[in-house]
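Accompanying notes for the structure given below.
Values quoted throughout were computed directly from the atomic coordinates according to the rules given, and no laboratory measurement underlies them. What you are looking at is a predicted structure, and each value in this text was computed from that prediction instead of being measured. Virtual Cβ from ideal backbone geometry, glycine too; neighbours counted across all protein chains shown.
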Amino acid sequence: MPHEAISVFDMFKIGIGPSSSHTLGPWRAAQRFCRSLRDQQLLWDVVDIHILLYGSLAKTGRGHGTDIAIQLGLGGDDPVSFEVNRIQSKIRHIQESRKLQLDGSLEIDFDPSADIEFLYSETLPYHPNAVTFLARTRGERQIAETYYSIGGGFVKKEGEESTSGNQPDLPFPIDHANDLLHWCRKTGMSVGEVVMENENCWRPESETRAGLLKIWEVMHACTFRGCHEQGTLPGGLLVKRRAAELNRKLLGSRTYSDEEGWIAAIRDGGKDFSYILDWVSCFALAVNEENASFGRVVTAPTNGAAGVIPAVLHYLVVFGEGHRAEKIIQFLLTASEIGSIFKKGSTISAAMGGCQAEIGVSSAMAAAALTECMGGTQRQVLMAAEIAMEHHLGLTCDPIGGLVQIPCIERNTMGAIKAITASQLALQSTPDFAKVSLDAVIKTMWDTALDMNSKYKETSDGGLAVHIPLSLPEC
């Protein structure tokens, strides 16, 4: 089996909420379909487009904004740069005018209510998250392309050949945790250093460092914004945003005028255990409330779990020694490699593996990264990741109303706290005596995913999704 090279910027993607699989992935698929039409020199001949959503994309697509993402992607907008406050007005214009600027260039007739079809009872065999684009040209030619959103914003086109031949020849190929440990032992380098050497095959180190600090900048801005936005989350569940109120309560009379002042004000509150615990929860709530509101987030490794890594990284920055750029870069490099190992050995798609594939993986990533930054050995880093995932095994994905709100938002706080606990346990342990390896827990996670009933895999067909009335507020 050929080695799969995954970059840190594959694992951490800047995008728009609420879901990497159901929003970012379909958005990217729509963009790829437009590029395909251009490459075939068919774009300007298109008369109309019809979209078919299958499986999990159909069942929870409306709650996750799949239809919105596809319209924006077909319209030529990019999730990295599109202004989030323009989403509703643009979608409303498409609905009212029944017109779409295909790839931002060609105006075609398009009625979202008729041209986006939710096939609730149909699932394609390769992956539950499938979308087919059907285009008709002036010459009555029919073009059909199917794409799969396979988790974390990754997209695969049906029939697409492996891209391994186009991938860089990494000095330290890694598919399993034991591979990573092998290279660390052979070179004496830390996990982050090994990952950086691999990243140098894609781009100069200066670009990687700048890109990672940009990732942190977006994470930090999202956290700050979420800690100051009030109101009710969209979607009809009437879930009240809590991060802003908690932020205000924890800061008391301390004031600030910008993001740096905010961090300083938090530090001034001391290091009482319950105070730090509340802040970690606040950071995670803030990010995922932004995510639920179609805000700009970083997929880490998914949108539904986007709050775990920023919360733990903020914990390191605010209450530890992580305020230096070098520590932030080290944290993100280590986290990304753990995430890529999970993707290769199991899945980061809730539609395939339940919430263990999202919150569980993000918690393992954060635990490993925190351990590395706290001076842990390479084996302690892997041990922390294993501990975090071991205690998320079997976690189901059962979003109420198909929205990334209940229980998703609170689960990010749990994942962040578990990551910190796992790191502390690993740092105080001797890996020689560990009974479970990271590779073993990844294999167990995949076996669990295969055994899990499909109704617990992001379909809203089971769990809390069928036992909580949609009109009932969370608190």
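Remarks
- Measuring between their Cα centroids, segment 291-343 and segment 379-436 lie 14 Å from each other.
- Packing-based exposure ordering (other Cβ within 10 Å, fewest first) of Ile468, Ile215, Ile417, Ile16: Ile468, Ile417, Ile215, Ile16
- Viscosity 0.692 mPa s, temperature 37 °C, Stokes-Einstein D of segment 148-302 from Kirkwood C-alpha radius, µm²/s: 172
- Largest-first principal axis extents of the Cα set of segment 73-154 (Å): 36, 35, 21
- Cα-projected label distance for Asn200 with Ser113, points at 7 Å along beta-carbon direction, nm: 5.9
- Largest to smallest principal axis extent of the C-alpha atoms in segment 298-452, angstrom: 41, 33, 22
- Net charge of neighbours whose Cβ lies under 9 Å from the Cβ of Asp109, counting Lys and Arg as +1 and Asp and Glu as -1: -2
- Only the Cβ atoms of Lys and Arg (+1) and of Asp and Glu (-1) were treated as charged; on that basis the dipole of segment 52-100 about its Cα centre amounts to roughly 220 debye.
- Helix 359-373 and the longest principal axis of the Cα set of the chain meet at an angle near 40°.
- The convex hull of the Cα atoms of segment 1-97, projected and averaged over all directions, covers 8.5 nm².
- Angle between the chain longest axis and helix 177-187 axis [Cα atoms, degrees, rounded to 10]: 50
- Dipole of the chain, positive end: most advanced residue of Ala357, Ala300, Ser423 [Cβ charges, Cα centre]: Ser423
- Which of His64, Thr223, Leu250, positive extreme of dipole for the chain (C-beta unit charges): Leu250
- Förster radius 51 Å - calculated FRET efficiency between Gln40 and Leu393 (Cβ-Cβ, nearest 0.05): 0.70
- Label-point separation, Ser429 to Lys271 (7 Å along Cα→Cβ), nm: 2.4
- Three-way shape label, segment 8-161, alpha-carbon gyration tensor, a/c 1.5: rounded
- For the chain, averaging the sequence separation of C-alpha pairs within contact (under 8 Å, six or more residues apart) and dividing by the residue count gives a relative contact order of 19 percent.
- Think of segment 8-161 as a dipole: +1 on every Lys or Arg Cβ, -1 on every Asp or Glu Cβ, centred on the Cα centre; then among Thr123, Leu74, Val84, Val84 lies furthest on the positive end.
- Rounded tilt (10° steps) of 87-97 against the dominant C-alpha axis of the chain: 10
- Taking the Cα centre of the chain as reference, the dipole from Cβ charges on Lys and Arg (+1) and Asp and Glu (-1) amounts to some 660 debye.
- 222 nm mean residue ellipticity, helices alone, for the chain (DSSP H n ≥ 4; -39,500 (n - 2.57); rounded to 500): -15000 deg cm²/dmol
- Semi-axes of the equivalent ellipsoid for segment 222-282, Cα gyration tensor, largest first, Å: 23, 14, 9
- Per residue, the average separation of C-alpha pairs within less than 8 Å and at least 6 apart gives segment 8-161 a relative contact order of 35 percent.
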